[in-house]
1. Could you grab me the full set of residues in segment 107-133 that are surrounded by 12 or more Cβ atoms within 10 Å (Cβ to Cβ) and either under 16 Å from VAL78 (Cα atoms) or among the aromatic types (Phe, Trp, Tyr) (or both)?
2. So, in segment 73-106, how many residues would count as being in a helix (DSSP H, G or I) and either open to solvent by 80 Å² or more (accessible area, probe 1.4 Å) or hydrophobic (A, V, I, L, M, F, W, C) (or both)?
3. When you look at THR32, is it in contact with an Asp or Glu (Cβ under 8 Å, 6 or more places away or on another chain), among the β-branched types (Val, Ile, Thr) and at pLDDT 90 or above, yes or no?
4. Could you say whether any residue in segment 63-72 is open to solvent by 60 Å² or more (accessible area, probe 1.4 Å), at pLDDT 95 or above, under 16 Å from GLY98 (Cα atoms) and within 13 Å of the chain's Cα centre (by Cα)?
5. Looking at ARG104, ARG130, can you tell me which residue is over 24 Å from GLY33 (Cβ atoms) and of a type in the set (D, E, K, R)?
6. Tell me, which residue of segment 75-107 that is aliphatic (A, V, I, L, M) and free of Cβ contacts under 8 Å to residues at least 12 places away in the same chain is farthest from GLU52 (Cα to Cα)?
7. Could you count how many residues in segment 17-62 are open to solvent by less than 50 Å² (accessible area, probe 1.4 Å), under 15 Å from VAL78 (Cα atoms) and part of a helix (DSSP H, G or I)?
8. Please work out which one of (1) basic (Lys, Arg); (2) within 13 Å of the chain's Cα centre (by Cα); (3) at pLDDT 95 or above is the condition ARG56 fails and give its number.
Amino acid sequence: MDIMQERTAEQELPFNVFAKACPSRGTLEHVTGRWGGLTLGALYEGSLRFNELRRRVDGVSEKMLSQTLHALERDGLVHREAQPTNPPRVDYELTPLGREIAERLLALIHFVEGRMDDVLTARARYDETRGAR
């Protein structure tokens with residue numbers, strides 16, 4: 001697809017994340033925010049209970065994980081399954097849409113992890129020339 005075809009295709013999209021009022025912007029924030037991407041990536045491996053997910057996403061507080069899961073569930077990316085047991089059991093898993101998004105995020109995550117030597121070298125060079133911060 002050449003650049004003109006890409007622009008035409010973009011113009012035909014009903015949503016535009018660059019427009020301030022577009023609802024896709026909120027979903028993008030949920031997916032790419034500090035905890036959203038990590039939560040989606042962790043759930044890609046399979047269904048997890050809340051505390052299992054919290055242990056997997058090291059550093060997330062209970063409150064932030066709960067807020068993140070609510071936002072992802074509202075966007076249709078995560079399914080919450082509450083079992084009527086005593087004590088209650090709640091499992092979280094990706095929806096088909098969430099799985100598709102997580103696949104793309106994991107490709108980016110793996111790319112970044114694979115290039116960290118370059119990033120660390122760039123940081124060191126920056127700090128040398130501009131002073132460590």
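1. The one that is surrounded by 12 or more Cβ atoms within 10 Å (Cβ to Cβ) and either under 16 Å from VAL78 (Cα atoms) or among the aromatic types (Phe, Trp, Tyr) (or both): TYR126.
2. Number satisfying all stated conditions: 11.
3. no
4. Of all residues in segment 63-72, those open to solvent by 60 Å² or more (accessible area, probe 1.4 Å) come to 63-64, 67, 70.
Okay, now just the ones that are also at pLDDT 95 or above, so 63-64, 67, 70.
Next cut, under 16 Å from GLY98 (Cα atoms) only: 70.
Retained after the next criterion (residues that are within 13 Å of the chain's Cα centre (by Cα)): none.
No.
5. The match here is ARG130.
6. Selected residue: ALA107.
7. 11
8. Just one mismatch for ARG56, condition (2).
The values are calculated or read from the model by the stated rules, or taken from the named source; none is laboratory data. Worth saying up front: this structure is predicted, and the values here are computed from it rather than measured. A quick note on method: Cβ atoms are made from the backbone with ideal geometry, for glycine too, and the neighbour counts reach across all protein chains shown. Areas reflect the complete protein model, heavy atoms only, side chains present, ligands, DNA and RNA absent. Shrake-Rupley method; radii C 1.70, N 1.55, O 1.52, S 1.80 Å.
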